[in-house]
Amino acid sequence: MNIFVCVKQVPDTETKIQIKDDKSGIKTDSIKWVVNPYDEFAIEEALKLKTSLGAEKVYAVTLGPQKRVQDSLRIALAMGADEGVVIDSEEAMDTRTTAKALAEAINKTGNPGLVLTGKTAIDDNSAAMVQQLAGTLSFPHCTNVTKIEAADSTFKVEREIEGGAKESFEITGPCVLGATKGLNNPRYPSLPGIMKAKKKPVTVHTLADLGVSPSDSGMRFTDYKLPAEKPATKMLEGDVDAQVDQLVDLLKNEAKVL
Amino acid sequence: MKALIFLETNNGKIKKSSFELVKWCADNNITTQSVILGDFNDDIKTQCETYGVENLTVFKGDTSYSPLNWAKSLSEEISSSSANLVLGSSSVLATDLFSRASIISTGNYVNDCTELNLEGDKLTPRKPLYAGKCSCAVEFMNENTKFVLMRPNQLPSGEEKSVSTNISEKELSNSEASVKATGVSESTSDKADLTEANIIVSGGRGLKEAANFKLVEDLANVLGATTGASRAITDDGWVPHSMQVGQTGKTVAPSLYIACGISGAIQHLAGMSGSKVIVAINNDPDAPIFKKSTYGIVGDLFEVMPKLTEKFKSVL
Ligand SMILES: Cc1cc2nc3c(=O)[nH]c(=O)nc-3n(C[C@H](O)[C@H](O)[C@H](O)COP(=O)(O)OP(=O)(O)OC[C@H]3O[C@@H](n4cnc5c(N)ncnc54)[C@H](O)[C@@H]3O)c2cc1C
């Protein structure tokens, strides 16, 4: 049995976003790329569960232009994943087509007992991959997971729902689980880990190898725009009493939000 | 076009954001079928009759959420109603349900939309990307069922419109046994959920210590507001993570967001810059939060907040 972790490379949260002149996307030349923060929880959990599940290997899987995404894959390998799988593609695809490519790559590698990934990616925040990947693999899923206890192929998981409540489930694997903050504290890659990662095997697939075509997509993102400028901030002058009086008046009579 | 509207229930009531969708469809003359899964009672029925829900299917069964069974029942309703648009409000549950059902029903799924533009029969939602640093139009390229989730508080609020709701009852699927719900802990708050709240008062590290979060609670109480927090203080355990607003917390869009002792880091702004009116209270005139605010008070929150609470008490 193998564990698979799907890792997405995303722009660092501090990166300035600029739009291409034809509005078809963002300019990618000066972006700093990082591993999607939620996927780091997934990688950590895969490494922790490898022993308790008696898994043979932990595979890190990623999709994107190989030249670029291999950096993120190396981080997963340096943290401790055994092997890498890259689906080399420059194409923009919708989430269901991406899910299909990942599912094919996982099945080709073989014997998935558990698939982990972040509950969402912070770039497009689609929060779709856990469910769509599970649907494509015909596995059960659970997302927003903050706790996993695994024995054989039974997964006792806890997930966070609205209002701060926790919901618990017992899932019969193989399954896809979506990691969120609180699940664990991801380790930093160690220096020996980084050295070892350089020698770990990485398999590269094209979309065609996996029988997936970007034209299967039913949706695309167009007409990118920067947000409209906010009107100038009204700074309230005077002593505290005057500021408080003005604020309450403005909220009541100008903004009308009370 | 025919829309299936998912009315999400929480604590025995339909969430108010669901009625934004009912109104949007009515305003655009779109034929609708609505659907409720699991939870149903007389209060919910009254809500439907008050807010113009004309046709409703209720899937009765286990009220605890089961991802696979719910997705199956939703897909069943999509086929039987021949809907080609499925609408819901973005939430933890709806995101999970819609994306899974979009595989069963071979549909196109998009969440967290902030606009829903309709020209003739062509629907083009917009959604924010990169934590709101830009947005894009979502173009559908085939006729497959569209699964669209709107961020709450973006469309006009639902409107009272008395109707007699035509209800049909079905059995919620229970055939999928690979995921078994084993329990739910008590919700930690009886206030409106952050993502649904109309007013939010949030506190950050400027509060200095956990006990001072009371200043935030006091102000929130007079306003009937929900409380939120920056990551600095959820990480330090002053308040639970579920209260965190921002890129790795909740995305909120209330009418009024009051940020107290929060610097306005990009990751915090990502979660709240969609708010209609933003008030910042901070003693540093250069704090980035002021750039995104509607109204700013440069001052010591320990002085400003109690006075503001008193003032609201006297006028509200
Ligand atoms: C990947 C990633 C994801 C993140 N996700 C989130 C997220 O989801 N949400 C989030 O909030 N953060 C997030 N962060 C953290 C974020 O970068 C900031 O560190 C955090 O928001 C700071 O919280 P703060 O404003 O409370 O604290 P600080 O930045 O320390 O600001 C405290 C503010 O209080 C003011 N202050 C101090 N004393 C007073 C006083 N007496 N009266 C009035 N004002 C006072 C100060 O002037 C200052 O502006 C994330 C970071 C990373 C790297």
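A few points about this structure:
- Members of region B:228-244 that are more than 7 Å from the ligand (Cβ to nearest atom) and not in a helix (DSSP H, G or I): B:GLY228, B:ALA229, B:ASP236, B:GLY237, B:TRP238, B:VAL239, B:PRO240
- Any chance A:GLY182 is within 25 Å of A:LEU137 (Cβ to Cβ) and either in the same structural domain as A:ALA76 (by TED's automatic domain parsing) or not hydrophobic (A, V, I, L, M, F, W, C) (or both): no
- Filter result (open to solvent by 40 Å² or more (accessible area, probe 1.4 Å), in a helix (DSSP H, G or I) and farther than 19 Å from B:SER81 by Cβ) within region B:23-49: B:ASP27, B:ASP42, B:ASP43, B:LYS45, B:THR46, B:GLU49
Residue-wise test of (1) within 14 Å of chain A (Cβ to nearest Cβ); (2) near the ligand (Cβ under 10 Å from one of its atoms); (3) among the small types (Gly, Ala, Ser).
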{"site": "B:LEU172", "(1), (2), (3)": "no, no, no"}
{"site": "B:GLU186", "(1), (2), (3)": "yes, no, no"}
{"site": "B:ASP193", "(1), (2), (3)": "yes, no, no"}
{"site": "B:ILE199", "(1), (2), (3)": "yes, no, no"}
{"site": "B:GLY203", "(1), (2), (3)": "no, yes, yes"}
{"site": "B:ALA211", "(1), (2), (3)": "no, no, yes"}
{"site": "B:ASN221", "(1), (2), (3)": "no, no, no"}
{"site": "B:THR226", "(1), (2), (3)": "yes, no, no"}
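- Residue, nearest to the ligand (Cβ to nearest atom), within region B:287-316, restricted to residues that are small (Gly, Ala, Ser) and more than 7 Å from chain A (Cβ to nearest Cβ): B:ALA287
- Within region B:2-22, the set of residues being of a type in the set (D, E, K, R), within 20 Å of the chain's Cα centre (by Cα) and part of a strand (DSSP E or B) comprises just one member, B:LYS13.
- Selection count, region B:107-129, where residues are open to solvent by 20 Å² or more (accessible area, probe 1.4 Å) and more than 17 Å from the chain's Cα centre (by Cα): 7
- Within region A:92-139, being within 10 Å of another protein chain (Cβ to nearest Cβ) and in a loop (DSSP other than H, G, I, E, B) holds for A:ASP94, A:LYS119, A:THR120, A:ILE122, A:ASP123, A:ASP124, A:ASN125, A:SER126, A:ALA127, A:ALA128, A:SER138, A:PHE139.
- Residues of region A:42-53 that are open to solvent by 30 Å² or more (accessible area, probe 1.4 Å) and modelled with pLDDT of 95 or more: A:LYS48, A:LYS50.
- Summed over region B:245-268, residues that are more than 22 Å from B:LEU215 (Cβ to Cβ) and either more than 7 Å from the ligand (Cβ to nearest atom) or not polar (S, T, N, Q) (or both) total 3.
- Residue within region A:103-112 that is within 12 Å of A:PHE4 (Cα to Cα), free of Cβ contacts under 8 Å to residues at least 40 places away in the same chain and of a type in the set (S, T, N, Q) present: yes
- Scanning region A:88-124 for residues that are touching a strand residue (DSSP E or B) at 6+ places or on another chain (Cβ under 9 Å), modelled with pLDDT under 95 and open to solvent by 50 Å² or more (accessible area, probe 1.4 Å) gives A:GLU90, A:ALA92.
- Residue in region A:14-22 that is outside any loop (DSSP other than H, G, I, E, B), away from the ligand (no atom under 16 Å from the Cβ), open to solvent by less than 20 Å² (accessible area, probe 1.4 Å) and not charged (D, E, K, R) present: no
- Single residue of B:SER263, B:SER275, B:SER255 found to be among the polar types (S, T, N, Q) and buried (at least 23 other Cβ atoms within 10 Å of the Cβ): B:SER275
The values are calculated or read from the model by the stated rules, or taken from the named source; none is laboratory data. Keep in mind it's a predicted model, so treat the numbers as computed, not measured. No Cβ is skipped: glycine too gets one built from the backbone with ideal geometry, and neighbour counts run over all protein chains shown. To get the accessible areas, we keep the full protein, side chains included, count just its heavy atoms, and leave off ligands, DNA and RNA. Shrake-Rupley method; radii C 1.70, N 1.55, O 1.52, S 1.80 Å.
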